[in-house]
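Presented below is the structure to which this report refers.
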Amino acid sequence: MIEVNDSKNLNYKKKMFSLRISRLAIILLFSFFVLFYIGLNSDYLVKSFIKYICLVLCVLCLIVFVIFVIKYINIKNVKLKAKRYIMNVLTILYCICCIAFLVILYGPYNGFREWLITTAMGTMTHHYLCEIFYSEDEINKVLSSNYIEDTLEETDTISIAEEFIKEETEWTEYEKKLFENHTTDEIYRKIEFKVRGQRAWIIAIYDPKNVSVVCSKNIMHRGEMLVSMAKRTKALIAVNGGRFYDPNHWSNGGIPNGVTIMKGKIISDRDYKSPFGVIGINNDNQLVLYKNKKAKEILNLGVRDAVTSKPFLIVNGKAMYTSGNGGYGFAARTAIGQRPDGTILLLVVECNDARTIGASMKDLTTIFTNYGAINAAALDGGTSSVLVENGKMINDPINDPFVHETRKIPTGFIVTRPNLINENNIKELENLKVWELFDMVNDVKEELKD
């Protein structure tokens, strides 16, 4: 009887050993296969020699798996405990997940592929998120079918100045939201709605004189939280502004891209290339969009406030042609537009916790078209997208997946009461001594050129 029990125990141990080895082999087989398949599509993460090592390991794991499965089958009359069945189920689920992962990345359905590539490539700092999985050819292929028209067309200020008065009976449903029961003492109106299930707000500012650019206190060195900028300037409404240079977040969002003008003073004039453009408000309080112009040119055109961002969405009443999702994926967004009657429109859209659902550039264009904008452009988006009302943040920015926080930025657009504009001008000019230094440096450069 003792010999029989010893024999059963020995068989059980052999069967368990075979089970463990075969389970480990199949897990490693699928893991190495995933790495090998990623290596077939990109050399960014899995280099060529590592790819072939993974292939060899796949073959070895398959051989080991087959050998120990055969051994396992040959050992009969041994019952497994329940937890062994659970481990087997978990192993099978892991293998299924590996296959599903590859199908999502490389399968016939290209929705995820387009979302990942356009979103990652649109952020400027997270290109690696798609370069890990896709070759340069595949990335270019996706981008070539998802883009928004890059135009050299600029704002025709005459068209903005034309009279544009509609009778109340002619209002569209969107214009009713903007103007119904509007009184002269209503500085702005906030309209909340949803885009792809995410919260969104459009702010209508009836007098464009109340809209201006705000900069961080230490512009060109460190950024500032938008809430802080809004409180400092007593802003009724504030949204984030232009794009900025911030490699690896080391500069804390302090260096704006391209041209920045505030209260008629040049803050920055860094080089930028298309499709970046200047988004400004001129002395006639018209939203203007310019391409390939330096700061002094912009200033000479009568622009009082400006930032640099991309892309333009609507120019002179013409919506830019959008292919696919527009090439920037889906994310939290901020944008600015203007109607022919002068009303400035500020738009902010949230994203979901995982940062996988938000607004595309096509969505923004549609929204501005619905609300009658004849000029509109996207400002910085993603983590930078912030809406502040009376010193309180209204939206819920997502920094990283499931991390609810915003970040420091260099510029924003603010809406102030008319009687505070001059007061803010004086205070901001006193606070931002960097302007004086910037002007001095530019003067020296001009002298050297001469």
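Tabulated results
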item: Residue in region 287-298 that is touching a Gly at 6+ places or on another chain (Cβ under 8 Å), within 22 Å of LYS217 (Cα to Cα) and crowded, with 19+ Cβ neighbours inside 10 Å present; result: no
item: Residues within region 297-339 that are more than 17 Å from GLY381 (Cβ to Cβ) and of a type in the set (Gly, Ala, Ser), tallied; result: 6
item: Hits in region 335-364 - residues which are free of Cβ contacts under 8 Å to residues at least 60 places away in the same chain, within 25 Å of LEU152 (Cβ to Cβ) and either in contact with a Pro (Cβ under 8 Å, 6 or more places away or on another chain) or in a helix (DSSP H, G or I) (or both); result: LEU364
item: Subset of region 311-329 (residues that are in a loop (DSSP other than H, G, I, E, B), crowded, with 24+ Cβ neighbours inside 10 Å and at pLDDT 90 or above); result: PRO311
item: Number of the condition not met by PHE112 [criteria: (1) touching a residue at least 60 places away in the same chain (Cβ under 8 Å); (2) not in a loop (DSSP other than H, G, I, E, B)]; result: (1)
item: Candidates VAL66, VAL46 - the one that is of a type in the set (A, V, I, L, M), assigned by TED's automatic domain parsing to the domain that holds LEU24, closer than 17 Å to ILE27 by Cβ and free of Cβ contacts under 8 Å to residues at least 24 places away in the same chain; result: VAL66
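The values are calculated or read from the model by the stated rules, or taken from the named source; none is laboratory data. Bear in mind that the values here come from a model prediction, so they are computed numbers and not experimental data. In this analysis, Cβ positions are derived from the backbone assuming ideal geometry, glycine residues included, and neighbour counts consider all displayed protein chains.
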